[in-house]
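> Provided herewith is a single structure, encoded as structure tokens, for subsequent inquiry.
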Amino acid sequence: MSARAFASQMISSRRIRAAVRGWHAARRALTGQSRTLLVFLEQGEPYSELLADALPAFAQHYGLELKALSVPAPEKSAAPEPDMLAAYSKRDASGLRAAYGIAAADVRLTPEGDPAANASLRRKLGHYGSGMIWFEGEWYWGIDRLHHLERRLGANEDALLFPPRAEPTHATGGSFDMYFSLRSPYSYLAMMRAPDLARLWNAEITLKPILPMVMRSLPVPSEKRLYIVRDCKREAERLGIPFGKIEDPVGTGVERGLAILHRAIPEGKGVDFAQSFYRGVWAEGLNAATDRGLRTMTERAGLDWAYAQDAMADDSWRDAVEKNRQEMFALGLWGVPSFRVGEHSAFGQDRLWQVGRWLEES
């Protein structure tokens with residue numbers, strides 16, 4: 001195991017997470033403090049407003065104290081397309097509000113304090129975004145991750161106030177596009193589920209890979225990388241998907257994988273190769289930049305090594321992934337995984353329920 005794979009296991013370790021939770025709980029008990037959520041809200045930001053409406057009743061239900069802190073918009077390194085984010089978050093938050101039946105609260109949680117000082121605190125605690133909750137060593141994004149917090153607070157699965165939205169379980173027909181990056185762990189979680197859902201729905205899925213942000217000269221701050229790994233670990237546990245022994249494929253590994261994927265997709269082997277590649281780099285610590293690692297990923301997907309070598313000698317994948325990126329941006333989306341169903345589009349591995357609903361409607 002490489003040092004990077006070992007470090008990633010430590011960062012995402014369930015035991016370490018449990019130890020951190022235990023330490024904070026013991027410290028709270030010793031000091032006599034109440035259970036308090038630190039809530040970082042950005043004025044006028046749709047996800048923050050949604051959270052501000054949802055949290056007062058949530059906190060009352062679980063016997064929590066709330067401390068709302070005003071923060072500025074994320075820095076561009078953490079949110080590289082602020083205009084797209086603003087437009088998308090407005091419609092996405094509206095969809096979440098309707099799905100969970102969240103009305104405007106009579107008494108909305110109001111953030112306080114100096115935004116710059118609160119942003120410094122947010123960074124010190126390990127985050128970068130708005131509409132975020134920090135509770136005793138762990139971060140929860142918006143209402144989408146309240147179910148993780150509820151489980152931590154002891155709620156039964158059938159009593160969650162904000163359970164993950166369920167995807168349809170019947171045939172809908174239709175088709176959808178999936179935009180994804182081989183370096184994105186959220187894309188990994190989506191790729192391990194979307195093809196099975198497509199079969200369940202009797203729908204056609206079209207794979208549209210793109211280059212990772214960092215390979216498009218868009219740096220990702222360290223606090224964002226760490227949060228994503230830990231958040232993906234929680235989501236992977238919930239979904240029963242292995243995760244945590246990571247060998248980052250950025251650079252050569254991604255390029256080699258994209259070359260093979262570009263050849264495999266029109267031959268009907270794209271899903272098999274993508275899933276094998278993802279398991280290798282996000283769960284097994286296989287190095288896609290080496291022949292040994294990539295050969296394992298290729299051959300277990302039903303492709304021989306000579307096929308892979310021939311695919312890697314062809315650079316035509318570069319134009320294809322750039323075309324996919326331009327298509328995705330034209331939808332007003334900038335991150336992966338993203339999905340398109342007709343005129344509808346959504347961003348995030350936890351929006352597959354919307355894909356299913358749109359297929360139903362069409």
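The values are calculated or read from the model by the stated rules, or taken from the named source; none is laboratory data. Bear in mind the structure is a predicted one, so any value in this text is a computation, not a measurement. Heads up, the Cβs are rebuilt from the backbone with ideal geometry, glycines too, and the neighbour counts pull from every protein chain shown. Note: areas computed on protein heavy atoms with side chains; ligands, DNA, RNA excluded. Shrake-Rupley method; radii C 1.70, N 1.55, O 1.52, S 1.80 Å.
> Among the candidates Ala59, Ala86, single out the residue that is closer than 27 Å to Trp23 by Cα, under 26 Å from the mean Cα position of the chain (by Cα) and either free of Cβ contacts under 8 Å to residues at least 24 places away in the same chain or open to solvent by 20 Å² or more (accessible area, probe 1.4 Å) (or both). Outline the logic, then answer.
Numbers: Ala86 fails: closer than 27 Å to Trp23 by Cα.
After ruling out the rest, the residue left standing is Ala59.
> With the condition kept exactly as written, say whether any residue in the stretch 253-262 is in contact with a Lys or Arg (Cβ under 9 Å, 6 or more places away or on another chain) and surrounded by fewer than 18 Cβ atoms within 10 Å (Cβ to Cβ).
Scanning the stretch 253-262 turns up no residue that is in contact with a Lys or Arg (Cβ under 9 Å, 6 or more places away or on another chain) and surrounded by fewer than 18 Cβ atoms within 10 Å (Cβ to Cβ).
> Here's another thing I want to ask about it. Restricting the search to the stretch 62-83, which residues are surrounded by fewer than 21 Cβ atoms within 10 Å (Cβ to Cβ) and part of a loop (DSSP other than H, G, I, E, B)?
Answer for the stretch 62-83, where residues must be surrounded by fewer than 21 Cβ atoms within 10 Å (Cβ to Cβ) and part of a loop (DSSP other than H, G, I, E, B): Gly63, Leu64, Pro72, Ala73, Glu75, Lys76, Ser77, Ala78, Ala79, Pro80, Glu81.
> Taking Gly137, is it more than 22 Å from Ser345 (Cα to Cα) and open to solvent by 20 Å² or more (accessible area, probe 1.4 Å)?
Details: more than 22 Å from Ser345 (Cα to Cα): yes; open to solvent by 20 Å² or more (accessible area, probe 1.4 Å): yes.
Criteria met by Gly137.
> Here's another thing I want to ask about it. In the stretch 140-162, how many residues are loosely packed, with under 15 Cβ neighbours inside 10 Å and among the charged types (D, E, K, R)?
Selection size over the stretch 140-162: 3.
> Regarding Glu237, is this residue modelled with pLDDT of 95 or more and either surrounded by fewer than 21 Cβ atoms within 10 Å (Cβ to Cβ) or not β-branched (Val, Ile, Thr) (or both)? Give the steps one after another, and end with the answer.
Details: modelled with pLDDT of 95 or more: yes; either surrounded by fewer than 21 Cβ atoms within 10 Å (Cβ to Cβ) or not β-branched (Val, Ile, Thr) (or both): yes.
Taking the combined requirement at face value, the residue satisfies it.
> Looking at Ala264, Ala288, Ala259, which is the one that is under 22 Å from Glu322 (Cβ atoms), in a loop (DSSP other than H, G, I, E, B) and modelled with pLDDT of 95 or more?
One residue alone meets the criteria, Ala288.
> Scan the stretch 322-345 residue by residue and report those that are outside any helix (DSSP H, G or I), surrounded by fewer than 22 Cβ atoms within 10 Å (Cβ to Cβ) and small (Gly, Ala, Ser).
Matches in the stretch 322-345: Gly332, Gly335, Gly342.
> I need the full set of residues from the stretch 108-120 which are in contact with a helix residue (DSSP H, G or I) (Cβ under 6 Å, 6 or more places away or on another chain) and open to solvent by 60 Å² or more (accessible area, probe 1.4 Å), in order please. Before you say what the answer is, go through the steps one by one.
Start the filter on the stretch 108-120 by keeping residues that are in contact with a helix residue (DSSP H, G or I) (Cβ under 6 Å, 6 or more places away or on another chain), which leaves 108-109.
Listed by number, the list holds a single entry, Arg108.
> Listed residues Asp310, Asp315, Asp272; which is open to solvent by 60 Å² or more (accessible area, probe 1.4 Å), outside any helix (DSSP H, G or I) and either of a type in the set (S, T, N, Q) or farther than 28 Å from Pro82 by Cα (or both)?
Numbers: Asp310 fails: outside any helix (DSSP H, G or I); Asp272 fails: outside any helix (DSSP H, G or I).
Result: Asp315 is the single residue among Asp310, Asp315, Asp272 that is open to solvent by 60 Å² or more (accessible area, probe 1.4 Å), outside any helix (DSSP H, G or I) and either of a type in the set (S, T, N, Q) or farther than 28 Å from Pro82 by Cα (or both).
> What about Val355, is it out of contact with any strand residue (DSSP E or B) (no Cβ under 6 Å at 6 or more places or on another chain), open to solvent by less than 10 Å² (accessible area, probe 1.4 Å), aliphatic (A, V, I, L, M) and in contact (Cβ under 8 Å) with a residue 24 or more places away in the chain?
Numbers: out of contact with any strand residue (DSSP E or B) (no Cβ under 6 Å at 6 or more places or on another chain): no; open to solvent by less than 10 Å² (accessible area, probe 1.4 Å): yes; aliphatic (A, V, I, L, M): yes; in contact (Cβ under 8 Å) with a residue 24 or more places away in the chain: yes.
No: the conditions fail for Val355.
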